[in-house]
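Undergrad: Take a look at this one; I'll ask things after.
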Amino acid sequence: MSMKPTRRLSRLIVPGAIGVLLAATGCAGPSAGDSDAVQVGLLANLSGPAATSFGVPFQHGFELALQQAKAAFDDADVKVEIQTQDAKSEVTSAVTGYNKLRQAGAPIVINDSQSPLGQAVAPLANDDKIAFLSGAGSELENKDGFAFRFTDLGTPTTAMGQYLTEHGAKRVGVIVASDNPSFATLADTTEKGLPGGFDSRQEVASTDTDFSAVLANLRDDDVDAVVLSVLPAQAGNLMLQMDQSGGFDHVIRAGTVAISSETYTVAEDAADDFVFPQVWAPGMQGGSSFEKAYADKYDESPTAYSALGYQVGWTVAAAILAADEDGDVDGASLRDAIPAASTSDLVAEHSILSLELTKDGAAVSEGVMASFADDGSMQVASN
Amino acid sequence: MDDFLSLFGVYDFAVRDALVLVLVSLALYVLLSAGIFAVPQVGLMAIGSYGSAILSVDMGVPVALAVPAAAVIAGAVGVLLAALVARLNGIYLAIASIAFSEVVRVAVLNVPLTGGSQGKVGISREVTDLWICGAVLLATVALVWLRRSRHGLVISAMRVDTLMAQHQGINVVRVRTLLFGLSGLLSGTAGALQAHTAGFIDPGQFNFDLLTKLLAVVVIGGMTFVGGSFVGALVIFGLPFTLEGFAEYQVLVNGLIIVLVVAFAPGGILGVLSRLLARLRRSDAPGEAGSPVVPGPGDAPAGIGPVALDADDVRVTFGGVHALDGVRLTVGQGEVLGVIGPNGSGKTTLINALSGAYTPSSGTGAVDGVPLALLWGRPHLLARAGIARTFQTIRLMDDKSVAANVALGFPPQVPRRSEATRELLVRMGLDQISGVPAGELPYGVRRQVEIARALARNPRVLLLDEPTAGMSPTEREGVFTAVDAARRHGLAVVLVEHDVAMMRRFCDRLMVLDFGRVLAEGSPDDVLDSKEVIDAYIGSGALA
Amino acid sequence: MDFWLQQTVNGIVLGSVYALYASGFGLVMASLRIFHVAHAAVFTWGAVVAWDLTTRLGWPLVATLPVVMLAAGLLNVAAYFLLIRHLLKRQDAELAAFISSMGGLIILVEVAHHLLDGAVERMPAGVFPVSPLELGPVRITTLHATMVVVSIGLIALLAWGMAHTQAGREVRTVAADRETASLLGINVDRVSAGVFFASGALAGLAAAMVATAFNVVSADLGSGYLVIALAAMVVGGFGSVAGALAGGLLIGVASTYATGYLDSSYRDLVVFALLLGFLVVRPTGLFHTRSELARV
């Protein structure tokens, strides 16, 4: 007897569930906005774990750039609107956000970070012929060339290797968080800058907290420099544990582009002589007006990711102007315009860092060597 | 037709993803609804994902073959895992299954072909919505069918009470192994479909967080309902999309919902709904109480026949204490052997040893010609060999009807089970209440249902452990009438009871246990009047 | 040889942390048959409380320990009453308690996440006089050495208490059978709450030391050790206090040896191969404590 209602229920559940979903979703979706305007889709991680470090500063920098580009748009009589969707640091939300942007008619979508998000969206963007700029660390599927990555993990990181060689490092070790794809890639690219490669490679997991075993290995391998290709907080922790366990007094400590202020929060004084590459750092040449405008607008100092957002923003602006000049602004014309736009005069004029987007969807960015100042802020490293 | 889920508009990917996760939730349901506390599904899903990706990308197998092949691989791994952990139960099984998922996660990061931490990209996305919906539909239909078949009854019995299920002749280990396989098949299918929907595999996703999410889906929807996965998925995956600004608190709210549902609605949303519906329906029909037992067909007393159960030198030890110390017992067809003795003398231990709940350290003999040495400690084999029992505390499926409880007793090969059940219920005088959930019956009637279930198997030997404890005199009379009817059919009965007067009147033979040894045995009058027995009872102050 | 000694010491340090975590976790599991995953969150909160006391009030680590143990113990007792107690009479008590505890874990971790704003913090410098010690060829910090001594001492004390005190006997009686224990006049609720308190206090102590020694205070601190603690329990033997110590040390040493002698990338493989091996060959672990008797 108790089974009967259940049967009836299970018969109702599936169609019922679908009905509710349809009702909930059918009426959703953003309005298309001004029909003449070019809809620039910003798929930013505004909540979730990637928000504070990547999504929010990127959005700020990006919006600042497009705001400053308004004069140029007006001159060319082009209307541009930013449509923002929260990717929530999660694949499903990212794809849903992307779909909403597609529905709003955006010919171009920019996503700040996280490899899986980029990997999920890139094939769709190629299918939909929407230009897609992603901060993904890993390679993206890109059959029709619509996907671009704007993070160059390679060049600045390779420069790190060269820096170490120049500073007399003979035996270089690396600690890599091997369960995270970005850090494995970063370690490999650093090695390219080292003529002799790594003399000691130690793998840890992103969740590790005790490093005495790998530190003992490094001491035993007698290294004079160590590259920390791990999460920012973990890098800080590693330097503290180096100091605490001893034996690393004369060892150069180097990081990767992934280092952030979080490293200093953990390491504090232990990060004194720490050097690491960054896409951009405060005090870099030509950045002072950007820093000032940013601080005025958002009441905070820009980070490397703000700068990246700013640079990508100008690149997008230049691509839209170029595509408009040649005819219609759509996904295909933007795809064709982006590589040249990234090094165009307009971008060069406002540029705060070097970032070239290539036709095959990769990026070339030189970056800079940075270190922590006494108050924990980043600065361009003094040689 | 290929992407009809596009009718969900921008949410098409979210719906596809949710459907795939519903499939994994169903895989959780398969084990949890059978009371198997094991959660290896995330690991099995990873095997399905990587299996299909490696087959199609690296080995050039067409996707249409790679997906089912990967599902079968995951199913096979499920069976293998079940065999590995066959000795574990309860929380230990849960831990082992979580450890398994962790082993898979670590292996994936280190084995060649999986792409390590980079995962795999460029996986063919030719899986259409038809595949996804087809797989979910097929799984749902299959599981609903399974639930309504006799297997469904077996699975419910395992969930409610594994030991009781074993005593109904169910090979719990075998059923468990098959269900692990089924769970693997579903998880593997889901994993493969996910890989081919997204076009890439992110190895980071197969973690404990995914498991908590899936468990939340199943628990909130209703763990024992096939539809529970759908309802739960609607809550867990649907809410964040319908409530703006909810994202920040979603995880917190999920945690709260889980705690509250487990505390106040253990059957989940569907459990609450089905109970409400059942109550509505119940109020239409007048309540029916149990009817008195009608004695069975009046066969002439057959007299005591050949030996049905013969056991000798039965010893059971618990940590150095000899609970049974070399007990010898025989009982013939149509004979009632009463077992009495002070508390702690080993009466229940004897029943538990003879029925397989405990494993004796030694013991010889045979039941219906089958050597006991092959059967000790295996309740399902002892049940199949012809030993049926009732329990000191009644063990029924309280939420199932009387008819379902009795039907469980029939061996699978019985044709037309429902008719056979009805006949037995009529004979036991229980047919008026066949549709009432067992949990709602008075104590005496519940005991009769338990005896009916024991008789359904048409056993050679019936073991009754204090069947009338705590009953009114009328209820007692009913039970003894039922036992008497069974005896007339030539059944051998071993009866443990405290009521010495009743035992003297009713039993053909009495056996007295004290400190795990047989103190006396013989005709009731001889035994009860012997000085030794009186001393033992007075010594322990327990003469009834 | 020097290298071997060094890695062995490293393994013992790491293993003693695993052991301390696993023994508190295992205490609840063995005596009440509850897979109390929220233990991970209690551990995290132990670290958060220690961090708060040292940063905000400037206490030295040693002074915070009693407060942290009390707070974490009480938090675990609250978890018992709010998440577990009402479920124990259910037919599917083990599963229900696990899921409820999982809900608690989610809530507690999420609150910690909001409190810490998702960041990884560290204990202020100087809360404990950390300095490198060189014992012959072996380097160890004062804090690591203290941690090993405290862990092993506490676990030994716990094992002794379980075996030889009235409270220990009561816990073992409850573990054997709650109903019988209650018939014998044992206040099962009080004993259960006591077990949860002890388990939580151990977690709090371990967390405060781990947070200081490894410079990490984060919402996921406790969850990170959950799986490895499960492994330690499988290897050591479910629910045995001595087993937790042996399992923790074995896993700790195995992982540092794998790092030192094979390749650091094989570490997890070695640990989990060990785990899988025990599951297959000896699922009861090194210290087989109790056979799974069916109760009728």
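Here is a yes/no grid of residues against (1) within 14 Å of chain A (Cβ to nearest Cβ); (2) closer than 26 Å to B:Q448 by Cβ:
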residue	(1), (2)
B:L324	no, no
B:N352	no, yes
B:A357	no, yes
B:P379	no, yes
B:M397	yes, yes
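Undergrad: Okay, next question. Kindly indicate whether A:T315 is touching a residue at least 40 places away in the same chain (Cβ under 8 Å), on the phi < 0 side of the Ramachandran plot and outside the structural domain of A:Q83 (by TED's automatic domain parsing). Show your work before the answer.
TA: Numbers: touching a residue at least 40 places away in the same chain (Cβ under 8 Å): yes; on the phi < 0 side of the Ramachandran plot: yes; outside the structural domain of A:Q83 (by TED's automatic domain parsing): no.
In short, no.
Undergrad: Could I ask something else about it? From the list A:I252, A:I259, pick out the single residue that is crowded, with 22+ Cβ neighbours inside 10 Å and on the phi < 0 side of the Ramachandran plot.
TA: Details: A:I252 fails: crowded, with 22+ Cβ neighbours inside 10 Å.
It is A:I259.
Undergrad: Within region C:75-93, does at least one residue satisfy the condition of being within 23 Å of B:I91 (Cα to Cα), of a type outside the set (V, I, T), outside any helix (DSSP H, G or I) and touching a residue at least 40 places away in the same chain (Cβ under 8 Å)? Steps first, please.
TA: We begin by selecting, within region C:75-93, every residue within 23 Å of B:I91 (Cα to Cα); these are C:75-93.
Checking which are of a type outside the set (V, I, T) leaves us with C:75-76, C:78-83, C:85-93.
Imposing the further condition that a residue be outside any helix (DSSP H, G or I) reduces the set to C:88-92.
Subsequent filtering for residues that are touching a residue at least 40 places away in the same chain (Cβ under 8 Å) retains C:88.
Yes, some residue in region C:75-93 is within 23 Å of B:I91 (Cα to Cα), of a type outside the set (V, I, T), outside any helix (DSSP H, G or I) and touching a residue at least 40 places away in the same chain (Cβ under 8 Å).
Undergrad: Answer yes or no as to whether C:A231 is within 14 Å of the chain's Cα centre (by Cα), hydrophobic (A, V, I, L, M, F, W, C) and either at pLDDT 85 or above or not in a helix (DSSP H, G or I) (or both). Write out each step before concluding.
TA: Working: within 14 Å of the chain's Cα centre (by Cα): yes; hydrophobic (A, V, I, L, M, F, W, C): yes; either at pLDDT 85 or above or not in a helix (DSSP H, G or I) (or both): yes.
Judged against the criteria, C:A231 is a match.
Undergrad: Still on this structure, please answer the following. Criterion first (assigned to a loop (DSSP other than H, G, I, E, B), surrounded by fewer than 20 Cβ atoms within 10 Å (Cβ to Cβ), more than 8 Å from chain C (Cβ to nearest Cβ) and not polar (S, T, N, Q)) does A:D188 satisfy it? Break it down into steps so the answer makes sense when it comes.
TA: Values: assigned to a loop (DSSP other than H, G, I, E, B): no; surrounded by fewer than 20 Cβ atoms within 10 Å (Cβ to Cβ): yes; more than 8 Å from chain C (Cβ to nearest Cβ): yes; not polar (S, T, N, Q): yes.
Judged against the criteria, A:D188 is not a match.
Undergrad: Shifting gears a bit: Considering only region C:86-124, how many residues are of a type outside the set (A, V, I, L, M), facing chain B (nearest Cβ under 10 Å) and within 21 Å of B:V219 (Cβ to Cβ)?
TA: Residues of region C:86-124 of a type outside the set (A, V, I, L, M): C:86, C:89-92, C:94, C:98, C:100-101, C:103-104, C:110, C:113-114, C:117-118, C:121-122, C:124.
Those left that are additionally facing chain B (nearest Cβ under 10 Å): C:86, C:90-92, C:94, C:98, C:100-101, C:103-104, C:110, C:113-114.
Filter once more, so that each one left must be within 21 Å of B:V219 (Cβ to Cβ): C:86, C:90-92, C:94, C:98, C:100-101, C:103-104, C:110.
Qualifying residue count for the region: 11.
Undergrad: Go through region B:92-126 and give me each residue that's closer than 22 Å to B:L186 by Cβ, in contact (Cβ under 8 Å) with a residue 12 or more places away in the chain and away from chain A (no Cβ under 13 Å).
TA: B:L93, B:A94, B:A96, B:S97, B:I98, B:F100, B:S101, B:V103, B:V104
Undergrad: On to the next question. Against the definition (touching a Gly at 6+ places or on another chain (Cβ under 6 Å), within 21 Å of B:S149 (Cα to Cα), in contact (Cβ under 8 Å) with a residue 60 or more places away in the chain and not acidic (D, E)), how does B:R427 come out, yes or no? I'd like the intermediate steps shown before the answer.
TA: On the way: touching a Gly at 6+ places or on another chain (Cβ under 6 Å): yes; within 21 Å of B:S149 (Cα to Cα): no; in contact (Cβ under 8 Å) with a residue 60 or more places away in the chain: yes; not acidic (D, E): yes.
When the stated conditions are applied, B:R427 does not pass them.
Undergrad: To continue, here is another question. From the set of residues in region B:481-507 that are in contact with a Ser or Thr (Cβ under 8 Å, 6 or more places away or on another chain) and surrounded by 20 or more Cβ atoms within 10 Å (Cβ to Cβ), which is modelled with the lowest pLDDT? Even if it seems obvious, please write down each step before you answer.
TA: Taking region B:481-507 as the starting set, the residues that turn out to be in contact with a Ser or Thr (Cβ under 8 Å, 6 or more places away or on another chain) are B:496-497, B:499, B:502.
Checking the rest, the ones that are also surrounded by 20 or more Cβ atoms within 10 Å (Cβ to Cβ) come to B:496-497.
On the way: B:V496: 91, B:E497: 86.
Going through the qualifying residues, I end up with B:E497.
Undergrad: Give the residues of region A:230-266 that are more than 8 Å from chain C (Cβ to nearest Cβ), assigned to a helix (DSSP H, G or I) and of a type in the set (A, V, I, L, M, F, W, C), sorted by residue number.
TA: Those that are more than 8 Å from chain C (Cβ to nearest Cβ), assigned to a helix (DSSP H, G or I) and of a type in the set (A, V, I, L, M, F, W, C): A:A235, A:L238, A:M239, A:M242.
Undergrad: Right, something else. How about region B:1-91: which helices (runs of 4 or more DSSP H) wholly inside it have at least 2 residues that are of a type in the set (S, T, N, Q), touching a residue at least 12 places away in the same chain (Cβ under 8 Å) and in contact with a Gly (Cβ under 8 Å, 6 or more places away or on another chain)? Can you show your working first?
TA: Numbers: elements: B:12-32, B:41-53, B:63-84.
Hits in region B:1-91: B:41-53.
Undergrad: Something else about it: Can you confirm whether region C:141-163 contains a residue that is of a type in the set (F, W, Y) and either in contact with a strand residue (DSSP E or B) (Cβ under 6 Å, 6 or more places away or on another chain) or touching a residue at least 60 places away in the same chain (Cβ under 8 Å) (or both)? Spell out the reasoning first.
TA: Initial filter on region C:141-163 (of a type in the set (F, W, Y)): C:160.
Next, only the ones that are either in contact with a strand residue (DSSP E or B) (Cβ under 6 Å, 6 or more places away or on another chain) or touching a residue at least 60 places away in the same chain (Cβ under 8 Å) (or both) stay: none.
Checked region C:141-163: no residue is of a type in the set (F, W, Y) and either in contact with a strand residue (DSSP E or B) (Cβ under 6 Å, 6 or more places away or on another chain) or touching a residue at least 60 places away in the same chain (Cβ under 8 Å) (or both).
Undergrad: Only residues that are surrounded by fewer than 21 Cβ atoms within 10 Å (Cβ to Cβ) and closer than 21 Å to B:D399 by Cα: list them for region B:414-433, please.
TA: Start the filter on region B:414-433 by keeping residues that are surrounded by fewer than 21 Cβ atoms within 10 Å (Cβ to Cβ), which leaves B:414-420, B:422-423, B:426-427, B:431-432.
Those that are surrounded by fewer than 21 Cβ atoms within 10 Å (Cβ to Cβ) and closer than 21 Å to B:D399 by Cα: B:R417, B:S418, B:R422, B:D431, B:Q432.
Undergrad: Another question about this same structure. For C:A193, indicate whether it is modelled with pLDDT under 85 and surrounded by 13 or more Cβ atoms within 10 Å (Cβ to Cβ). Show your work before the answer.
TA: Working: modelled with pLDDT under 85: no; surrounded by 13 or more Cβ atoms within 10 Å (Cβ to Cβ): yes.
It is false that C:A193 is modelled with pLDDT under 85 and surrounded by 13 or more Cβ atoms within 10 Å (Cβ to Cβ).
Undergrad: Right, something else. Would you mention how many residues in region C:3-17 are among the hydroxyl-bearing types (S, T, Y) and farther than 23 Å from C:V227 by Cα? Don't jump to the end; show me each part of the working.
TA: Start the filter on region C:3-17 by keeping residues that are among the hydroxyl-bearing types (S, T, Y), which leaves C:8, C:16.
If we keep only those that are farther than 23 Å from C:V227 by Cα too, we end up with none.
Residues flagged as among the hydroxyl-bearing types (S, T, Y) and farther than 23 Å from C:V227 by Cα within region C:3-17 amount to 0.
Undergrad: Can you name the residue in region C:22-43 that is modelled with pLDDT of 90 or more and more than 14 Å from chain B (Cβ to nearest Cβ) and is also surrounded by the fewest Cβ atoms within 10 Å (Cβ to Cβ) among such residues?
TA: Among those that are modelled with pLDDT of 90 or more and more than 14 Å from chain B (Cβ to nearest Cβ), it is C:V42.
Undergrad: Within region B:186-282, which helices (runs of 4 or more DSSP H) (wholly inside it) include 1 or more residues that are within 11 Å of chain C (Cβ to nearest Cβ), under 18 Å from B:A18 (Cα atoms) and modelled with pLDDT of 90 or more? First the steps, then the outcome.
TA: Numbers: elements: B:208-221, B:228-233, B:239-242, B:247-264.
It comes to B:208-221.
Undergrad: Since C:T142 meets every condition but one in (1) within 14 Å of chain A (Cβ to nearest Cβ); (2) surrounded by fewer than 17 Cβ atoms within 10 Å (Cβ to Cβ); (3) more than 22 Å from the chain's Cα centre (by Cα), which condition does it not meet?
TA: Tallying (1) within 14 Å of chain A (Cβ to nearest Cβ); (2) surrounded by fewer than 17 Cβ atoms within 10 Å (Cβ to Cβ); (3) more than 22 Å from the chain's Cα centre (by Cα), C:T142 fails exactly one: (3).
Undergrad: For region A:327-373, how many residues are in contact with a helix residue (DSSP H, G or I) (Cβ under 8 Å, 6 or more places away or on another chain), assigned to a helix (DSSP H, G or I), hydrophobic (A, V, I, L, M, F, W, C) and surrounded by fewer than 19 Cβ atoms within 10 Å (Cβ to Cβ)?
TA: Of the residues in that region, 2 qualify.
The values are calculated or read from the model by the stated rules, or taken from the named source; none is laboratory data. Just so you know, these numbers come straight off a predicted model, no measurement behind them. Glycine also receives a Cβ, built like all others from the backbone with ideal geometry; neighbour counts cover every protein chain displayed.
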